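**Student:** Quick one: the structure is below, questions incoming.
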């Protein structure tokens, strides 16, 4: 795969009905709206290593039943790339999300977050209960339970004398071998067999952010502490669905279970799935999301 | 990837056969399946005993919503018998199986898709039983029309070679030594498109349901002379479609061009496709085939 190929956008099963930019403090993010059903399903950005195309297996299906809103978070896709750790905290992403809702006339929505998208999804639900009807969190990257020990062996900042395995999750390695890091990282994310296409897509999106910017976005997420996140969870009042693959090599199942417990949500384990079941097992995840969204309508009625 | 022959449970299917059964000729049983009940019937013969009818799994559910589809496992693999003589795998025997399946399933006439080596068997059927074949599609087919050797003819099949690199694996001794090694190599050449790991794994699993010994018999089996093949082509009267990938690494695209020339058929070239384009680009192939079937129906 050449970089050029990775960066030329592929054709889509469905194109947005409207799209646009919204700016906050001079930082623009790019949003897309699909369909006009009810309610709105808001597919949030995750870590800036990829952009909103990672929802491509959800958008065409969900947009036939609901209105779908998504956006490229700061740092990737068609959004701006501000510099500095402070630009990439969960508070900034949550504020961007709210700004996108305002710009698109979205009074309320069901938010769907992947991995660290959970951090801003829960924050939005906790701080703006009148805007969030429910939350779906997939493979949550939350500090409520310990992570995989192998991810904590090596320092992110020190220069290491190895690049084996998770030693590649290292500032110096990223700056010198970024493509190799992306290939390793997405290889871990897509632990299911026959994932070459999904890995290739993600590596392509990963090449749309500069390494220095990704380092900022990484360090910002490290700031999210346990106490502070517990407090957010305590304040979430809306119905919650947590979906987690039991072979997730990035964030262990215990994290998803703890989030479901902390928010009083329902916990669904997907057997044999890795960190992105919405990409590798989209039919199952789409049906779970649809059932959840429709159950909210029933309880409101 | 680890695959152990005989230990795999069959995968679930998008659609299951309506009737299925066996037809027996000279003591050899061949297993067939029928899907749907539209008109006309499409017969999808096997291409070679290295795979069997599941190779059509991306065609069956779609085509059977519009037409009636008949598939069968060729002798030597799947649920069919594995006769122990080379004669039993001859091209005329293969064509006779196709005819027997048409008879057993009450199929007066069918559109036939001859894939790879199955192109030759389908040619015999269409030329010698024209009333049974409404139209013929050659898919990645080989009728032996080539001045250059095919990739799999580069090395002598029977001699002990001092290499097993690449197509040197197309060799009796290598097959007996490492059948799985051959199957993995062969399907890597069939599926040249990116992101084919699933298709390769499926096909390797099917290839391990037969044995090197059986497959050697298919290589020793009687084949038509080139003159006979050419003569059969002149006898074809039904509409002909030729579909071939321009990156076919097993049967070069020039073969499709030659078949279209020899049969007066219409050639459709799939850019970037390998030998099994119906597996890797099923939507496009299914639409091309459906359009062809509807044009002759």
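What follows draws every value from the coordinates through simple rules; no lab data is involved. Note that the structure is predicted; figures quoted are calculated from it, not measured. Reconstructed Cβ throughout: ideal geometry from the backbone, glycine too, with neighbour counts over all protein chains shown.
**Student:** Quickly work out the residue A:153-to-residue B:257 label distance, labels modelled 7 Å from Cα along the C-beta direction, and quote it in nm with one decimal.
**Tutor:** Those two pseudo-labels are separated by 5.5 nm.
**Student:** How shielded is A:185-195 by partner chains, expressed as the average number of their Cβ atoms within 10 Å of its Cβ atoms?
**Tutor:** 1
**Student:** On to the next question. What is the antiparallel percent of DSSP beta bridges lying wholly in the protein assembly as shown, to the nearest 5?
**Tutor:** That works out to approximately 35 percent antiparallel.
**Student:** Counting only C-alpha contacts under 8 Å and six or more residues apart, can you give the relative contact order of the stretch A:129-212 as a whole percent?
**Tutor:** Reported relative contact order: 19 percent.
**Student:** Any idea what % of Cα-Cα pairs in the stretch A:259-301 are farther than 18 Å?
**Tutor:** Values: 365 of 903 pairs.
The share of Cα pairs beyond 18 Å in the stretch A:259-301 comes to 40 percent.
**Student:** Next question. For each of A:276, B:238, count neighbouring Cβ atoms within 10 Å of the residue's Cβ, then give the residues from fewest to most.
**Tutor:** B:238, A:276
**Student:** Taking the simple approach of a point 7 Å from Cα along Cα-to-Cβ for both residue A:295 and residue B:231, what is their distance in nm?
**Tutor:** 7.3
**Student:** Measure nothing but the geometry: give the 0 to 90° angle between the long axis through the Cα atoms of A:90-103 and the longest principal axis through the Cα atoms of chain A, rounded to 10°.
**Tutor:** 40
**Student:** For chain A, set up a GNM with springs between Cα atoms under 10 Å and report which of A:149, A:45, A:252 has the largest fluctuation.
**Tutor:** A:149
**Student:** Here's something else I'd like to know. Among A:233, B:276, which comes first, second and so on when ranked by fewest other beta-carbon atoms within 10 Å? Mind dumping the intermediate values first?
**Tutor:** Numbers: A:233 20, B:276 30.
Final ranking by Cβ density, sparse to dense: A:233, B:276.
**Student:** In a GNM of chain B with a 10 Å cut-off on Cα contacts, which of B:47, B:252, B:17 has the highest mean-square fluctuation?
**Tutor:** Looking only at B:47, B:252, B:17, the biggest GNM fluctuation is shown by B:17.
**Student:** While we're here: Percent antiparallel among DSSP beta bridges with both residues in chain A, to the nearest 5?
**Tutor:** Values: 12 of 35 bridges.
Taking every DSSP beta bridge with both residues in chain A, the antiparallel ones total about 35 percent.
**Student:** Taking springs between alpha-carbon atoms closer than 10 angstrom, which of B:131, B:228, B:87 fluctuates most in the Gaussian network model of chain B?
**Tutor:** B:228
**Student:** For chain B, what is the percent of antiparallel DSSP beta bridges, rounded to the nearest 5?
**Tutor:** Among the beta bridges of chain B, antiparallel pairing accounts for roughly 30 percent.
**Student:** Moving on. Calculate, for residue B:168 and residue B:12, the FRET efficiency according to 1/(1 + (r/R0)^6) with r their C-beta to C-beta distance and R0 35 Å; round to the nearest 0.05.
**Tutor:** Efficiency computed from Cβ-Cβ geometry: 0.40.
**Student:** For helix A:211-222, report the angle its Cα long axis makes with the longest principal axis of the Cα atoms of chain A; keep it between 0 and 90° and round to the nearest 10°.
**Tutor:** Orientation of helix A:211-222: about 60 degrees from the principal axis.
**Student:** Could you tell me how many degrees, from 0 to 90 and to the nearest 10, lie between the Cα long axis of helix A:117-127 and the main elongation axis, the longest principal axis, of the Cα atoms of chain A?
**Tutor:** The angle comes out at about 40 degrees.
**Student:** Still on this structure, I have one more. So how far, in whole Å, is the C-alpha centre of the stretch B:191-205 from the one of the stretch A:257-290?
**Tutor:** Their Cα centres are 29 Å away from one another.
**Student:** Moving on to the next point. According to the square roots a ≥ b ≥ c of the eigenvalues of the Cα gyration tensor, what is the shape class of chain B, taking rounded for a/c under 1.5, prolate for a/b larger than b/c otherwise, and oblate for the remainder? Don't skip to the answer; put the middle values down first.
**Tutor:** Details: a/c = 1.33, a/b = 1.21, b/c = 1.10.
Rounded shape, in that the Cα axes give a/c under 1.5.
**Student:** How much mean residue ellipticity at 222 nm does chain B get from its helices, if each DSSP H run of length 4 or more adds -39500 (n - 2.57) and you divide by all residues, to the nearest 500 deg cm²/dmol?
**Tutor:** -10500 deg cm²/dmol
**Student:** What is the distance in Å between the Cα centres of the stretch A:77-150 and the stretch B:50-69?
**Tutor:** Centre-to-centre distance over Cα atoms comes out at 45 Å.
**Student:** Among A:128, A:278, which comes first, second and so on when ranked by fewest other beta-carbon atoms within 10 Å?
**Tutor:** Ranking A:128, A:278 by Cβ neighbours within 10 Å, fewest first, gives A:128, A:278.
**Student:** Something else now. Modelled label-to-label distance, residue A:210 and residue A:177, 7 Å Cα→beta-carbon offset: nm?
**Tutor:** 2.4
**Student:** Using only Cα atoms, locate the centre of the stretch B:247-276 and the centre of the stretch A:161-201, then give the distance between them in Å, rounded to an integer.
**Tutor:** 39
**Student:** To the nearest 500 deg cm²/dmol, what mean residue ellipticity at 222 nm is calculated for chain A from DSSP H runs of n ≥ 4 alone, each contributing -39,500 (n - 2.57), summed and divided by the residues?
**Tutor:** Computed ellipticity for chain A at 222 nm equals -11500 deg cm²/dmol.
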